[in-house]
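Here's the structure, in structure tokens; my notes come after.
Rule-based calculations on the coordinates, nothing more; no lab input. Since the model is a prediction, treat every value here as computed from it, not as a measurement. Ideal geometry is used to build each Cβ from the backbone, glycine not excepted, and the neighbour counts take in all protein chains shown.
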Amino acid sequence: MPDEVSPGLALEGRAMVPGEAQGDVLCLDEPLSFWGGLDPETGRITDRHHPQLDESVVGRVLVMPSGRGSSSASSALCEAIRAGTGPAAIVMAEPDEIIALGAVVADELYGRLVPVVVLAEGLDRLCTGVRCTVSDQMVIAYSDNRS
Amino acid sequence: MTLSLSERDTERLLGNEGPALALAMRVVTRVAEAMEADRLLDIVGAHIDSCLFTGMAALDFANRLADGGARVSVPTTLNVSSLDLLHPELSLGDPEERRLALRLMERFEEMGCRPTWTCAPYQLEERPAFGEHVAWAESNAIVFANSVLGARTHRYGDFIDLCCAVTGRAPAAGLHLDANRLATVVVRIEGVSEDLLDRDVLYPVVGGLLGPLAGKAVPVLVGLPVGVSEDRLKALGAAAAATGSVGMFHVVGSTPEAPTLEAALGGRPAGTEIRVGSDEIRAARDRLSTTADVGLRTVSLGTPHYSVAQLGRLVELLGDRRVHEQVAVYASTGRDVLHEVELRGWADRLTAAGVQLVADTCTYFTSIIEDTSRTTMTDSAKWAYYAPGNLGVEVVFGSVEDCVESAIAGRVVRDEGVWANA
């Protein structure tokens, strides 16, 4: 429902990996494991069980309930960031240290910071396609650019 | 919450022990802050997953630490890699990627890690004791260490596993702490036949059901028999960790921190209580298969790496029969277990029956399977979950008995009796 996304909607959460980024939101209905679920060469979701199969995460503000599964998710995320196929930022309802870890190491190795934010509330107000800015613990969404 | 550091932690962070230790310490402290830890704690061992080649980032990181002279400071085992060093002819992968994967493996050995190359370090002779803090990566190993051994590790991912091993430190958070090890979700298994409760095949299915139900919570299972074997708990945990983010589970009467339901809950009321019956279990089993095509080409066993007992069971099931000429059967295990089964003469028997033993790696992410055209069968929920995405195969899940009978028949045959009466 576009009217749920008012211009300048500001949500405050907790920054697991603080930083600044912006991009269009890609909302995932289910948790994603970056390892085995994302092709780092293309940035597309390859998990056959995932509702957003084939969607691209490249440059998006990736909004998802949580991370999932493999402990290689950190290196898979880091590899995608290195290859330029990673998301711009990651926003989750629950903390995930393995995802935070992948973002920390990409920053340490390549100086590319993908902020990771936990939003305990309001995740459902971020719809796919909406322009979004992440600044430390703040997630700011603009008007729905599809409508 | 502010993270307080020891004097030595701070020295290292400042670079006084060199750039490699400073990098390792920065990763540990940045993750500790992300986890809202107030301090770090000492660990007695580590199990590293970063040795699996997932791309250049993995090698870049290992190179940064190894070039800086980093060495592990606690006994450290290594997870599967993307190569079978004992059977290199099995690899169908890109030669350049093989070269990089091998280089990555060498760097971890240079840093003092034991070349165990197994996803089941709990099947090695030395394993962590109850209550000991370790830093383990590899989701099935993590869940086994916490749940079955009662050792303490958080769900560590690639990179921090090595950083913890090098520094000997880990965030005092997550599953290291008493309060976070208590169950918050009760899963009651009801109305399942005694016959099915006594079959290996039930346990990976229950794990596959548990993952999405529990998510990151610690679940406690009620209604399974007392004294469930380690191999069954291993299959359950591996499936729950792959399909959810389960880092620890309890089974009342089987796992060390759950002598009773009350103990597993720490005397608190359960946050959520879920009942699971035979309908849900049958549906969970069905979700593990992606095809009804009975044209079998491959059978893949040993995810997580088979134990000595599981390979013994395979020998027993095959008897003096041989698998169908159109079917390739792979059984993955660690090199230590492989050595043991070679001594017992079982490796020769399996080879003679047409089973290809795979060591050091696993068939759901490495290019080993030659024919992915029709159906691959597995007894592993974890394999069934990952392989279709990784390899593009169609999969049928079944018991190890089903897998053996199908391999011999050359087509998928499953014993539905145990499920029909479940």
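For region B:289-420, calculate the relative contact order in percent as a whole number, restricting contacts to Cα pairs under 8 Å that are 6 or more residues apart.
About 36 percent, as a whole number.
Give the order of B:MET111, B:MET56, A:MET138, A:MET92 when sorted by the count of other beta carbons within 10 angstrom, beginning with the fewest.
In order of increasing Cβ crowding within 10 Å: A:MET138, B:MET56, B:MET111, A:MET92.
Rounded to the nearest 5, what % of DSSP beta bridges with both residues in the protein assembly as shown are antiparallel?
30 percent
For chain B, what are the per-bin percents of Cα-Cα distances with bins 10 Å wide, up to the bin holding the maximum?
5, 22, 31, 26, 13, 3, 0
Which of B:TYR203, B:TYR386 has the fewest other C-beta atoms within 10 Å, and how do the rest follow up to the most?
The order, fewest Cβ neighbours first, is B:TYR203, B:TYR386.
Can you tell me how region B:274-342 classifies by the Cα gyration tensor, rounded, prolate or oblate, using a/c under 1.5 as the rounded cut?
Oblate, since a/c reaches 1.5 and b/c is not below a/b.
What is the magnitude of the charge dipole of region B:1-131 about its Cα centre, with +1 placed on the Cβ of each Lys and Arg, -1 on the Cβ of each Asp and Glu, and no other charges, expressed in debye to the nearest 20?
It comes to approximately 140 debye.
Using only Cα atoms, what Kirkwood radius does region B:7-177 have, in angstroms?
Here the Kirkwood hydrodynamic radius works out to 16.1 Å.
Using unit Cβ charges (K, R positive; D, E negative) and no other charged atoms, how large, in debye to the nearest 20, is the dipole of region B:182-286 about its Cα centre?
Computed about the Cα centre, the dipole is about 320 debye.
Using only alpha carbon pairs under 8 Å that are at least six residues apart, calculate the relative contact order of chain B and give it in whole percent.
Value for chain B: 17 percent.
Taking the C-alpha atoms of the protein assembly as shown, how large are the radius of gyration and the largest Cα-Cα span, Dmax, in Å?
Radius of gyration, then largest Cα-Cα span, for the protein assembly as shown: 22.9, 72 Å.
Compute the signed sum of charges (Lys and Arg +1, Asp and Glu -1) over the other residues within less than 13 Å, Cβ to Cβ, of A:SER56.
-3
Using bins 10 angstrom wide from zero, how does P(r) for region B:182-286 break down, in % of all Cα pairs?
Taking every Cα pair in region B:182-286, the percentages come to 17, 55, 28, 1.
Let me know the charge dipole size of chain A about its Cα centre in debye, to the nearest 20, where only the beta-carbon of Lys, Arg (+1) and Asp, Glu (-1) is charged.
Result for chain A is approximately 260 debye, rounded to the nearest 20.
What whole number of Å gives the distance from the Cα centroid of region B:363-389 to the Cα centroid of region B:297-332?
14 Å
Between A:ARG112 and B:ASP320, what is the FRET efficiency for a Förster distance of 51 Å, r being their Cβ-Cβ separation, to the nearest 0.05?
So the FRET efficiency works out to roughly 0.30.
Per the helix-only calculation at 222 nm, which mean residue ellipticity applies to chain B, given -39500 (n - 2.57) for every DSSP H run of n ≥ 4 and division by its residues, nearest 500 deg cm²/dmol?
About -11000 deg cm²/dmol.
Tell me the angle of helix B:278-287 to the major Cα principal axis of chain B, expressed in degrees between 0 and 90 and rounded to the nearest ten.
Once rounded, one gets 80 degrees.
Nearest 10 degrees, 0 to 90: what angle lies between the long axis of helix A:73-83 and the longest principal axis of chain A (Cα atoms)?
Approximately 80 degrees, to the nearest ten.
Place +1 on the Cβ of every Lys and Arg and -1 on the Cβ of every Asp and Glu in chain B, take the dipole about the Cα centre, and give the residue among B:THR184, B:VAL222, B:THR76 whose Cα lies farthest towards its positive end.
Going by the Cα projections, it comes out as B:THR184.
Picking from B:ALA22, B:ALA58, A:GLY36, whose Cα lies most toward the positive end of the charge dipole for the protein assembly as shown (charges on Cβ: Lys, Arg +1; Asp, Glu -1)?
B:ALA22
Could you give the C-alpha radius of gyration of region B:1-63 expressed as a fraction of 2.2 N^0.38 Å, taking N as the number of residues it contains?
Rg over 2.2 N^0.38 Å, computed on Cα atoms: 1.25.
Computed from the mean reciprocal separation of all distinct C-alpha pairs, what Kirkwood hydrodynamic radius does region A:2-141 have, in Å?
For region A:2-141, the Kirkwood estimate is 14.4 Å.
Can you tell me the 0 to 90 degree angle between the C-alpha axis of helix B:56-67 and the longest principal axis of chain B, rounded to 10?
Result, in degrees: 40.
Based solely on C-alpha atoms, express the radius of gyration and the Dmax of region B:165-240 in angstrom.
Looking at region B:165-240, its Cα Rg and Dmax stand at 14.9, 50 Å.
If I model region B:289-420 as equal point scatterers sitting on the Cα atoms and use the Debye formula, what is log10 I(q)/I(0) at q = 0.10, 0.14, 0.16 Å⁻¹?
-0.27, -0.55, -0.72
So for B:ARG30, B:ARG349, fewest C-beta neighbours within 10 Å to most, what's the order?
Least to most surrounded, the residues fall as B:ARG349, B:ARG30.
Please report the relative contact order for region A:40-142, taking Cα pairs under 8 Å with a sequence separation of at least 6, and give it as a percent rounded to a whole number.
Relative contact order of region A:40-142: 24 percent.
Work out the FRET efficiency for B:ALA352 and A:ALA83 from their Cβ-Cβ distance, taking R0 = 56 Å, and round it to the nearest 0.05.
Computed FRET efficiency for B:ALA352 and A:ALA83 comes out at 0.80.
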